[in-house]
Amino acid sequence: MATLQELRAERVEKLDKLRKLGVNPYPAVANRQHEIGALLEDFSEGEAVAITGRIWASRGHGKLRFFDVRDESGEIQLLVRADELAELDAENSQLGFEQLKLLDIGDFIEVSGATISTKTGQPSVEVKSLRLLTKSLRPLPDSWSGLKDKETRLRRRYLDTNVNQDVHDRFVRRSKFWTATREFLNKQQFLEINIPVLEHTTGGADAKPFVTHMDALDQDFYLRISHELPLKRLIGGGYEKVYDIGPRFRNEDITDEHLPEHIGLEWYWAYADWQDGMKFVEEMFRYVANEVWGTTAFTHDDHSFDLADEWQQLDYARAIRDRFDIDIYDTSLEQVQQLLKDNAIETTKTDNLPRMIDKLWKTIRAEVRGPAWLINIPKFLSPLAKSSPDAPQVVQRFQPVFGGSEMGNGFSELNDPQEQLARFVEQTELRDKGDDEAMMLDIDYVEMLEYGMPPTCGWGHSERVFWVLEGVSAREGVPFPQLRSELDATTRDIYADIV
């Protein structure tokens, strides 16, 4: 079996022959008049067509050739007769029958001709002229073993989406997921306002940020870990319903649930509270699920759930007490450490009591089928949320749980500037003790609150919601996940004098 380098060398030789003929193998202009999918959907014989696409199969002999050509909408057979095909017109990248041997699977072409049905009834195009649009130098992986494992697929996702239709369609659904989210919010009169990615002080989540330097100002900036604080500044600025969808960056591990870079949504709604938010999010999730998948019933990690069901409510402290027999408001670091050890739950040297308690909850969360709301979350885990008037140790916060994972975070926003400052100071103390995920003191945000921000409900979720509903891991759920930089062996050999 020929190696990739040998196959590539054969194609480079064909490319050279095309160039010697005067053919531009990479012209800028394509003259497509029909998409293949639409052509097949309303197929009729004798229609003059002009289509473009990638060659997916080639066969035939003598004076007759067949090609299967595919564009994003579908695939159709081409029938090429030597006595019917226009002659070589190198200036226009048009090939004659003799030059068809210089084509390969993977090349992009443009053809014009008429629709016909073969004797077996297969819809086809009888080609009258054929132009080369792109000469491919490497074969697609259906003809060599270059896409044999997951790592290779993730590194060369453009091949994965070409040869695996389900992967291609996944990212169509990912696009529709965010489109449907925008549609829902826009229908509810929310205004999309994009906010900065680079921040002097970053906050709004428990996460370690990435740091970069801006030469123009000669200052370090953080890549945002959340959209929260800038959007709430807009609420303080007179907007009543705002949202932003875009990338967030959290310098944390790569897992099935987490990626350091991912897309997130956050919205903020003036004069609404957490109870309003829960109803709104249920409606939003159901709308998006129906628009993208046509159902509200899903299965993830052996958990089957239906977003149209009535959502149960889980009390944070009660769930931990029932499982581990401790009162999270009357316990010690040593007691929780022992529980984590007894249950083989991993800890780090920088874990403090709040984070250790939350790890107890996360072991429970993994077993929750859902859909459910996690409520009555402790204030010590919620530095930006408004306290409950009935139980000051908890906040008006709500987190959806389904498929064994938390799917977002919302709360009645804390708008008391003095209490917010005190919460920030508590977080600063945690940072000083080594917790680099604790929130930074954002005194500018406190200043905004002193001017006044109305009662507000805020909400955020990441594309983890898409991953769970799609039934895939984080890296499978994005087109180009971060991987260690690595060059293909063939590329290293070919360009050894350069790389």
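The values are calculated or read from the model by the stated rules, or taken from the named source; none is laboratory data. Not measured: the values here are computed from a predicted model. Here Cβ is always computed from backbone atoms with ideal geometry, including for glycine, and neighbour counts include all displayed protein chains.
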Please work out if residue 201 is among the hydroxyl-bearing types (Ser, Thr, Tyr), in a helix (DSSP H, G or I) and surrounded by 14 or more Cβ atoms within 10 Å (Cβ to Cβ). no
Within segment 301-328, how many residues are closer than 30 Å to residue 180 by Cβ and in contact with a strand residue (DSSP E or B) (Cβ under 8 Å, 6 or more places away or on another chain)? 10
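Mind listing just one residue for me: the one in segment 343-352 that is loosely packed, with under 11 Cβ neighbours inside 10 Å and under 15 Å from residue 362 (Cα atoms) and, of those, modelled with the highest pLDDT? Please lay out each step first, then the result.
First, pick out the residues of segment 343-352 that are loosely packed, with under 11 Cβ neighbours inside 10 Å: 344, 346, 348-349.
When the remaining residues are screened for being under 15 Å from residue 362 (Cα atoms), the result is 344, 346.
On the way: 344: 90, 346: 85.
This residue is 344.
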One residue is enough: does segment 144-157 have a residue meeting the conditions touching a residue at least 40 places away in the same chain (Cβ under 8 Å) and more than 30 Å from residue 15 (Cα to Cα)? yes
Please determine whether any residue of segment 442-454 is of a type in the set (D, E, K, R), touching a Ser or Thr at 6+ places or on another chain (Cβ under 9 Å), modelled with pLDDT of 95 or more and not in a loop (DSSP other than H, G, I, E, B). yes
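Results for (1) closer than 17 Å to residue 405 by Cα; (2) touching a strand residue (DSSP E or B) at 6+ places or on another chain (Cβ under 8 Å); (3) surrounded by 15 or more Cβ atoms within 10 Å (Cβ to Cβ); (4) modelled with pLDDT of 95 or more, shown as yes or no for each residue.
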site: 280; (1), (2), (3), (4): no, yes, yes, yes
site: 287; (1), (2), (3), (4): no, no, yes, yes
site: 292; (1), (2), (3), (4): no, no, yes, yes
site: 297; (1), (2), (3), (4): yes, yes, no, yes
site: 330; (1), (2), (3), (4): no, no, no, no
site: 334; (1), (2), (3), (4): no, no, no, no
Condition check: over 30 Å from residue 185 (Cα atoms), charged (D, E, K, R) and out of contact with any His (no Cβ under 7 Å at 6 or more places or on another chain). Does residue 330 satisfy that? yes
Are there any pairs, at least 6 apart or on different chains, whose C-beta atoms fall under 7 Å, with the first in segment 93-116 and in contact (Cβ under 8 Å) with a residue 40 or more places away in the chain and the second assigned to a loop (DSSP other than H, G, I, E, B) and hydroxyl-bearing (Ser, Thr, Tyr), and if so, which? 104/136; 105/143; 106/136; 107/136; 115/44
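Conditions tested, residue by residue: (1) buried (at least 22 other Cβ atoms within 10 Å of the Cβ); (2) outside any loop (DSSP other than H, G, I, E, B).
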{"position": "390", "(1), (2)": "no, no"}
{"position": "400", "(1), (2)": "yes, yes"}
{"position": "421", "(1), (2)": "no, yes"}
{"position": "440", "(1), (2)": "no, no"}
{"position": "458", "(1), (2)": "yes, yes"}
{"position": "461", "(1), (2)": "yes, yes"}
{"position": "493", "(1), (2)": "no, yes"}
Name, by its number, the condition in (1) crowded, with 18+ Cβ neighbours inside 10 Å; (2) closer than 22 Å to residue 56 by Cα; (3) among the charged types (D, E, K, R) that does not hold for residue 174. (2)
Which count do you get for residues in segment 70-123 that are outside any strand (DSSP E or B) and among the charged types (D, E, K, R)? 10
